[in-house]
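The values are calculated or read from the model by the stated rules, or taken from the named source; none is laboratory data. For clarity, every value in this text was computed on a predicted model and none was experimentally measured. FYI the Cβ positions are ideal-geometry reconstructions off the backbone, even for glycines, and counts take in every protein chain you see. These area figures cover heavy atoms from the full protein model, side chains too; ligands, DNA and RNA do not enter into them. Shrake-Rupley method; radii C 1.70, N 1.55, O 1.52, S 1.80 Å.
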Amino acid sequence: TGSFTIDIHKDFIIANGGRFEVYENGSANQQTIKVADSLIVAEGATMIATGTAANSTTNLLQIGRDLIVDGTFMAKSGNYKFNTEFVGKTDSRIRSSQDLTLNMLTCNKNSIDDKLILKTTKKINTANSNALLDLVKGTFVVEIGDGGEVELTANKTLTIPGEACLSIVSGKAKVATGGNATGISLKGKIQISGGELIVGTGESASKYNSIQ
């Protein structure tokens, strides 16, 4: 099967009882779903990665505005997965009343003034063992409440390019939780107006982490 793209020019709504599967069949080609506005997974609905054999190239879900989840959203299930990328000029929000499972989350907005706001108090299951966040362009905002916690990278350095910003408003954002000689490579900005940014684990003097 060759590569293909599904273009949805407005909102994509998966209603109660509905199920949308992002399928893998062992292909080397990427399948892409582009949602121009918001993706809404209603209560009782499901969006899930599935298939018969894992692809060598990870499938992609691209969203122009918000991800709103009241049902089940699993970007990784077993051996199957898809990445989620937020694009465009409009500020985007991730809001969920349920736990989320994400593989790679990419913030690739139009400019540093355009935001992707993580705004949920529910658990974020980070299925990618190295990193949840890929910050390309735009401002990624962590606003998950005082008791919230999210692991942005584990065995990988978080790179913040010149046209990007990491903003902590509430909750704990953790970086470099699992690896030596990892941390933050900073060319853009970090803003902390509330909450905490934790780099490394502090478990051992042999685990050195840095912001450079």
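Place the peptides 18-24, 6-12 in order of packing, highest mean first, counting for every residue the other Cβ atoms within 10 Å and averaging per peptide.
On the way: 18-24: 16.3, 6-12: 13.3.
The packing order, highest mean first, is 18-24, 6-12.
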Structure shown: which of Lys156/Lys189; Lys109/Lys189; Lys34/Lys172; Lys123/Lys187 lie over 21 Å apart, alpha-carbon to alpha-carbon? Lys34/Lys172; Lys123/Lys187
Hey, what's the chain come to in accessible area per residue, 1.4 Å probe, Å²? 46
Would you grab the residues whose amide H sits under 5 Å from the one on Glu151? Only those 5+ places off in sequence or on another chain, please, with H modelled 1.01 Å from N. Lys174
Using the C-alpha gyration tensor of segment 1-125, what are the square roots of 5 times its eigenvalues, in whole angstrom, with the largest one first? 22, 18, 13
Extend 7 Å from the Cα of Thr201 along its Cα-to-C-beta direction; within segment 143-162, residues with backbone N under 13 Å of that point are 154-156
Whole-Hz ³J(HN,Hα) from phi, Karplus 6.51 cos²θ - 1.76 cosθ + 1.60, for segment 124-133, glycine and proline x: 9, 7, 8, 6, 7, 6, 8, 7, 8, 9
The percentage of Cα-Cα pairs in segment 47-101 separated by more than 17 Å is 43
Which number comes out as Rg/Rh for segment 93-167 once both Rg and the Kirkwood Rh are worked out on C-alpha atoms? 0.95
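Leaving out ligands, DNA and RNA, and with a 1.4 Å probe, what % of the accessible surface on the chain is carbon or sulfur?
Details: 4200 of 9690 Å².
Carbon and sulfur atoms account for 43 percent of the accessible area of the chain.
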Taking each pair of distinct Cα atoms in segment 10-67 once, what is the resulting Kirkwood hydrodynamic radius in Å? 12.2
(1) 70, 40, 29; (2) 58, 58, 23; (3) 47, 32, 30: which one is Cα extents along the principal axes in Å as calculated from this entry? (3)
For the modelled label position 7 Å from the Cα of Thr57 along Cα-to-Cβ, which residues of segment 3-25 have backbone nitrogen atoms closer than 17 Å? 3-7, 23-25
Only Lys, Arg (+1) and Asp, Glu (-1) charged, at Cβ; segment 1-142 dipole about Cα centre in debye: 220
